[in-house]
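For reference, the structure is listed below as structure tokens.
Rule-based calculations on the coordinates, nothing more; no lab input. Note that the coordinates shown come from a computational prediction; the quantities given were computed from them, not determined experimentally. Because the Cβ atoms are built from the backbone with ideal geometry, glycine has one as well, and the counts that use them run over all protein chains shown.
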Amino acid sequence: MWHRSVFIGSVSLFACLSMAASGYCFQQGLGYAEQLVRQGRFAAAEGEYLKILRSSPRSYLAYNDLGFLYMNQKRYPLACRQFAQAAQLAPQLPAIQQNFGMCLFRINRLSDAIQALQKAEDLDPHNLKTRYLLGYSLLFMGHPKEAGEQLEYVHEHKPSDADTLYDLVRIYRSLKENQKAINAFQELVRSHPNSVFVHILMGESYDLQGKDNLAMGEYREAISRAPDMPRLHFDLGFLLWAEGRADKAKIEFTRELKIDPNFAPAFYYLGRIALDQNAYTEAEQLFEQTLAQNRGCIDAYVGLGETYSREGDYPKALLQFDQAVRLDPMASDVHYLLASTYRRLGDNAKSVSEMRAFQRLARNQTLPHVGESRRVRRLTKTCMRLGF
């Protein structure tokens with residue numbers, strides 16, 4: 001997935017000549033660092049890359065490769081800083097822009113990721129990997145139509161790709177293009193009958209219908225085929241949590257975070273479990289970790305507010321609820337929590353005002369069907385920016 005040592009051969013002679021005075025050729029250093037990586041000596045490889053950069057601070061190749069090393073170690077913020085340097089030094093190289101975009105995606109900077117991937121596409125419009133990553137990012141940002149345009153291009157040139165077909169099914173579902181969704185799913189089953197994606201889509205379908213046992217069976221089958229695939233443990237964990245099986249759900253959410261340490265919803269539901277078990281300090285930490293991944297996650301502010309309320313710290317709770325309602329003034333449940341908190345603080349006028357807001361919004365809100373409601377509770381747009 002990651003591009004390493006882009007166009008090294010074309011620059012190696014210049015690099016060695018330019019550094020002849022110091023007696024060090026960064027091309028040789030890059031080769032040695034790559035050898036260390038292949039041997040699993042990651043700390044030594046990191047040291048070699050840093051040595052190269054001290055001698056040649058404008059080596060976009062070293063920045064790119066060091067970013068690759070950090071990505072493999074899931075040190076995503078560090079990786080993104082290296083790719084940013086590489087992209088600044090070599091803005092004309094689409095592979096580096098692609099790496100930078102994917103890294104930004106992993107730390108939930110989706111708008112920036114899309115911008116970098118669009119640069120990569122402008123530089124190399126026929127690169128299928130870039131088009132796929134851009135479509136995938138647009139899908140997570142809640143732009144299924146634009147995502148579909150990118151992924152349909154990939155499908156046209158790589159018709160049997162399972163990942164693309166899977167994402168197209170999800171896109172067509174969200175766009176209510178049911179026949180297209182059915183066609184894409186049937187094509188996926190024909191091309192990849194034993195694919196993990198078939199089980200995921202079946203699990204999602206059962207989930208939306210409220211058929212928990214069948215959904216969990218499909219997710220478990222998917223996990224057996226791809227135990228390290230992101231989101232699978234979370235989906236299973238949510239269904240367990242919804243059934244009140246908190247201890248088993250906690251195991252799955254924790255496994256999810258081992259796969260993706262930046263997955264905000266897993267932190268959030270671990271926080272809910274801690275709150276339900278009256279482990280207030282742990283709940284606070286988990287909600288804070290959720291916000292560290294995504295400052296726009298309304299649910300985490302609400303969770304923190306509820307935690308402070310149970311501890312009797314109503315001023316702190318008020319700050320959290322106020323932040324949540326600033327992010328989403330139409331959230332009727334948050335207005336209700338604000339009304340309750342103001343009442344406890346003795347501010348009856350504001351309590352009445354918030355209760356009126358709650359009643360007005362509650363009257364005007366239409367409840368989705370059961371399946372949509374479950375999806376909204378599991379992956380809120382604010383925490384994941386999912387468009388489906």
message: Is there a quick way to get the dipole size of the chain? I mean about its Cα centre, with the Cβ of Lys and Arg at +1 and of Asp and Glu at -1; what is the value in debye to the nearest 20?
response: 320
field: Anisotropy class of region 195-261 from Cα gyration tensor, a/c 1.5 cut
entry: oblate
- prompt: Which one of I171, G296, G210 has its Cα pushed farthest toward the positive end of the charge dipole of the chain, where Lys and Arg give +1 and Asp and Glu give -1 at the Cβ?
  reply: G296
message: Along the Cα→Cβ direction, 7 angstrom out, place labels at S160 and A226. What is the inter-label distance in nm?
response: 1.8
- prompt: In degrees, nearest 10, range 0 to 90: what is the angle between the Cα axis of helix 42-55 and the longest Cα principal axis of the chain?
  reply: 60
statement: So the angle from the long Cα axis of helix 76-89 to the longest Cα principal axis of the chain, reported in degrees to the nearest 10, equals 50
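Please give the charge dipole size of region 82-218, origin at the Cα centre, charges +1 on K and R Cβ atoms and -1 on D and E Cβ atoms. Round to the nearest 20 debye.
It comes to approximately 100 debye.
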statement: Using alpha carbon centers only, region 278-300 is separated from region 335-366 by a whole-angstrom value of 24
message: Check which residues have an amide H placed less than 5 Å from D313's amide H, if you skip close sequence neighbours.
response: none
The chain: relative contact order in percent, alpha carbon pairs under 8 Å with at least 6 residues between: 9
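Only helical DSSP H runs with n ≥ 4 go in: add -39500 (n - 2.57) per run for the chain, normalise by residue count and round the 222 nm mean residue ellipticity to 500 deg cm²/dmol. Show your work: numbers first, answer last.
On the way: 23 runs with 295 residues, N = 388.
Computed mean residue ellipticity for the chain: -24000 deg cm²/dmol.
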message: I'd like the distance between the alpha-carbon centres of region 154-232 and region 66-127, rounded to an integer number of Å.
response: 28
message: Could you give each residue of region 107-112 its phi-based ³J(HN,Hα) in whole Hz, using Karplus coefficients 6.51, -1.76, 1.60 with θ = phi - 60°, and x for Gly or Pro?
response: 9, 6, 8, 5, 4, 5
- prompt: Listed highest first by mean packing, meaning other Cβ atoms within 10 Å per residue, what order do 249-259, 120-130 come in?
  reply: 249-259, 120-130
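Taking 8 Å as the Cα distance limit and 6 or more residues as the minimum spacing, I'd like the relative contact order of region 151-301 as a percentage. Walk me through the intermediate numbers first.
On the way: 168 pairs, mean separation 17.2, N = 151.
For region 151-301, the relative contact order is 11 percent.
I need the calculated FRET efficiency for the pair R360 and Q115, taking r as the beta carbon distance and R₀ as 30 Å, to the nearest 0.05.
On the way: r = 38 Å, r/R0 = 1.28.
Computed FRET efficiency for R360 and Q115: 0.20.
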